[in-house]
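Working notes for the structure below.
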Amino acid sequence: MTRQLMAAGLSMVLAFAAAPAMAQQSTPLKAVATTGMVGDVVGQVGGECVDVTTLMGPGVDPHLYQASARDVATFQQAEMIFYSGYSLEGQLGDVLERFAETKPTIAVAPSSIDTENLITVQDVYGIDPHLWMDASLWSQIVPTVAEALSEARPDCESRIQENASRYSAQLEALHQWVKESIASIPEQQRILVTAHDAFNYFGRAYDIEVAGIQGISTSTETGVADIREMAQVVVDREVPSVFIESTINPRTVQAVIEAAREKGQEVSIGGQLYSDAMGEAGTADGTYIGMLYRNTRHIVEALGGETPVLPEALDAWAAHWDIASS
């Protein structure tokens, strides 16, 4: 469905681009993004030429999200809609499909990332939708976003393309920094235990084993057997820390800690990770770069590694948020 929506979306973009130039140039494009990870890319690429509203804020689980009447009104007022795709937005899919009939509605992940780079899963999803956990993959949505925005606001094209180039360089630098950081963790302890399977792309990209107590979707139930199995993994690998997530109740992680403790393995909570949502708006953690930066710091420090100095390409980002480069 998402590929058809993208095709329809880009066709609508071309139609909107043909609207009177005066209307296009007078105000920023009104865009709506479903998640913060999508919305931040749209905002970074569009700059002052786009006004982005993000539907799901900090702590909101997109797997379980249901559209409200206010959300529908927000979609109606938008000129363009961006969403992640591959069923991440769950029940919102039907709403997005309806809006694709009337305005540009773009599934950024299916439209940008080659299928050979996707992780397939044996559940209702079919495809693991958490592609933003690999910065090199997520950077591939930048040209898609830039093209759609440029076609809708051609007077902004040069600024949009400049923003896209700068942001792509930042994401490539972030990717290399995360890779180097994770490599510093002792191999025996290089295992990431979390509440659900949101980190498979992170694990593949940065060479760390991942183990989620729940499946890809948080709508799945966690049983006693799942808890015991994960506790045994923690004991066998002598894992020092496990992690909770900002969008998921920590009770399953606490249960694994208690079960491991009964087996003689002391385990701590290594920190709260951002998985399906970013941090608070107006903070470093409320940016996509900050999301991966904070996750990486928590993981590396809790598992016995050491993060290197941030690369030069991220100096401006770090300075803006008053974050030390080392």
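Summary table below
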item: Solvent-accessible surface (1.4 angstrom probe) belonging to D40, in square angstrom, nearest 10; result: 30 Å²
item: Share antiparallel - DSSP beta bridges, the chain, percent rounded to 5; result: 5 percent
item: Difference of contour (0.36 nm per residue) and Cα-Cα distance, E101 to Q76; result: 7.8 nm
item: FRET E, pair E157, T27, Förster distance 22 Å, beta-carbon r, rounded to 0.05; result: 0.85
item: Separation in nanometres of the label points that stand 7 Å from Cα toward Cβ, at T53 and I323; result: 2.9 nm
item: Cα gyration tensor shape of region 247-321, rounded if a/c is under 1.5, else prolate or oblate by comparing a/b with b/c; result: oblate
item: The chain: angle of helix 251-262 to the longest principal axis, Cα-based, in degrees nearest 10; result: 20 degrees
item: Per-pair calculated FRET efficiency, R0 = 22 Å: E209 and K263 via Cβ, rounded to 0.05; result: 0.65
item: Distance in nm between pseudo-label sites at Q91 and A169 (7 Å out along the Cβ direction from Cα); result: 4.5 nm
item: Cβ-Cβ FRET estimate between L64 and E312, R0 fixed at 30 Å, reported to 0.05; result: 0.15
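The values are calculated or read from the model by the stated rules, or taken from the named source; none is laboratory data. A quick note: this is a predicted structure, and the numbers were derived from the prediction, not measured. Cβ sites come from the backbone with ideal geometry, for glycine too, and all protein chains shown count toward neighbours. Just the protein is used for accessible areas: all its heavy atoms, side chains included, with ligands, DNA and RNA removed. Shrake-Rupley method; radii C 1.70, N 1.55, O 1.52, S 1.80 Å.
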